[in-house]
Amino acid sequence: MLISEPLVTVLVPSYNHESFIEERIKSILKQTYRSFELIVIDDNSPDKSHQKIIGLRKLYEFRYIKNRNNKGTFSSWGEICKLARGKYLWICESDDLAYPNFLEEAVKRLESKTSASIFYCNSEVINDQGECIGTTLDYFHNIWKSKRWDNNFSAKGIDELNKFQIKGQTVPNMSSALLRFDDFTKAYSPFLRKFRNTGDWLLIGKLLKFGDVEFHSGILSKFRKHSNTTTEKIESATSQAEFIHTKFILFKLSSIKREKFLEIFSNDVVRFLYENATPKMLFNKMMKISFANSLQIFIITIFYLIKNPSYLKKFHRKYSEVKDYKRNISKQNR
């Protein structure tokens, strides 16, 4: 290890992935970049993850912490703020994998661009058996309808927030990202623990206020998609409530004109119409996340609807279309 090599803190937030945790940890230990500290935090997994990690701890050098109680998806992010010694932070989900040169490439890019807060790359998407079922380019092509991520790029953080992150998560999986640790500590807050699904989207969006982005189009990571993936389990009202709160916070952080509020949130209204959750269910979930934000969202929505009554007509027209769609689906299923 060269003295000049900056230290990377590698966090593995472990939960209920006994089948994958050993391979995950070994893929980190095989990195060609050697200046890192590895910290594994298990969130009181009900499976045999603890035993697996203890076995690996006897063979390899890393720090291990086991929570006595389950603290939630993003709890370990708060703990790492106190534990990390590195200049950079790599959050490695316990069921994902990395190619050996991930850290080498990521550190090189961030060291060459001191204004950047985040590096991320494309990933191979794998299933339970580790078989390739696609890449994150499919996500960018099919969801974002863009070939922007086919090539390397550098981007200003605020531009990335205004043009892309406000609309959705641009980093498909946190395991594919390396973060500048000082900026991470500025962006992180305990409020993230209220989220089960969109906390990473919110964190990345907040990071963009502190620095720029370096993207590598090559595949340096492996993202595992399976039945236990968090996003597969979030029920409708909770998912929508988190989406709305996340977009609202990022909207306030952005430099987008306030008059664009209804335009920014129009897709969320359309998605809600297609979902099974009732307005009451959605409202209750939103209030549990944040009463203050929910109240602001309600007041601002009413204000701009009064200023732009044409949106009410668009909503009614879309509502009628969705109602007809659901009626037809119901007939087909009889």
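The values are calculated or read from the model by the stated rules, or taken from the named source; none is laboratory data. Computed from a predicted model, the values in this text were never measured in an experiment. Using ideal geometry, Cβ is built from the backbone for each residue, glycine included, and neighbour counts are taken over all protein chains shown. Just so you know, the surface numbers come from the protein's heavy atoms only, side chains and all, with ligands and any DNA or RNA stripped out. Shrake-Rupley method; radii C 1.70, N 1.55, O 1.52, S 1.80 Å.
General observations
- Exactly one residue out of L7, L38, L29 is in contact with a Gly (Cβ under 6 Å, 6 or more places away or on another chain) and within 21 Å of M174 (Cα to Cα), and it is L7.
- Against the test of being polar (S, T, N, Q), closer than 26 Å to T9 by Cα and open to solvent by 20 Å² or more (accessible area, probe 1.4 Å), the options Q165, Q129, Q169 yield a single qualifying residue, Q169.
Condition check ((1) without any contact (Cβ under 8 Å) to a residue 40 or more places away in the chain; (2) of a type outside the set (A, V, I, L, M, F, W, C); (3) in contact with a Leu (Cβ under 7 Å, 6 or more places away or on another chain); (4) within 22 Å of P190 (Cβ to Cβ)) across all residues:
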| residue | (1), (2), (3), (4) |
| --- | --- |
| R24 | no, yes, yes, no |
| D42 | yes, yes, no, yes |
| E61 | yes, yes, no, no |
| P100 | no, yes, no, no |
| E105 | no, yes, yes, no |
| R109 | no, yes, no, no |
| F119 | no, no, yes, no |
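- Just one residue in the set L83, L97, L103, L110 is touching a helix residue (DSSP H, G or I) at 6+ places or on another chain (Cβ under 8 Å) and either open to solvent by less than 40 Å² (accessible area, probe 1.4 Å) or modelled with pLDDT of 95 or more (or both); that residue is L97.
Results for (1) in a helix (DSSP H, G or I); (2) out of contact with any helix residue (DSSP H, G or I) (no Cβ under 6 Å at 6 or more places or on another chain), shown as yes or no for each residue.
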{"site": "N162", "(1), (2)": "yes, yes"}
{"site": "G168", "(1), (2)": "no, yes"}
{"site": "V171", "(1), (2)": "no, no"}
{"site": "F191", "(1), (2)": "yes, yes"}
{"site": "F215", "(1), (2)": "no, yes"}
{"site": "L220", "(1), (2)": "no, no"}
{"site": "H245", "(1), (2)": "yes, no"}
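- Filter result for D182 (open to solvent by 30 Å² or more (accessible area, probe 1.4 Å), out of contact with any helix residue (DSSP H, G or I) (no Cβ under 6 Å at 6 or more places or on another chain) and modelled with pLDDT of 95 or more): yes
- Residue within segment 279-300 that is under 17 Å from E242 (Cα atoms) and at pLDDT below 85 present: no
- Subset tally (residues that are in contact with a strand residue (DSSP E or B) (Cβ under 6 Å, 6 or more places away or on another chain) and either open to solvent by 20 Å² or more (accessible area, probe 1.4 Å) or closer than 22 Å to K87 by Cα (or both)) for segment 3-38: 11
- Flag for D212 being over 15 Å from the mean Cα position of the chain (by Cα), closer than 30 Å to E111 by Cβ and exposed (fewer than 15 other Cβ atoms within 10 Å of the Cβ): no
- Check on K66, touching a residue at least 60 places away in the same chain (Cβ under 8 Å) and open to solvent by 20 Å² or more (accessible area, probe 1.4 Å): no
Results for (1) among the polar types (S, T, N, Q); (2) outside any helix (DSSP H, G or I); (3) open to solvent by 20 Å² or more (accessible area, probe 1.4 Å), shown as yes or no for each residue.
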site: S239; (1), (2), (3): yes, no, yes
site: F248; (1), (2), (3): no, no, no
site: E259; (1), (2), (3): no, no, yes
site: V270; (1), (2), (3): no, no, yes
site: M287; (1), (2), (3): no, no, yes
site: I297; (1), (2), (3): no, no, no
site: F303; (1), (2), (3): no, no, yes
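- Odd one out for S175, checked against (1) open to solvent by 10 Å² or more (accessible area, probe 1.4 Å); (2) modelled with pLDDT of 95 or more: (1)
- One residue stands out among those in segment 139-160 that are aliphatic (A, V, I, L, M) and outside any helix (DSSP H, G or I): the one that is surrounded by the fewest Cβ atoms within 10 Å (Cβ to Cβ), which is I143.
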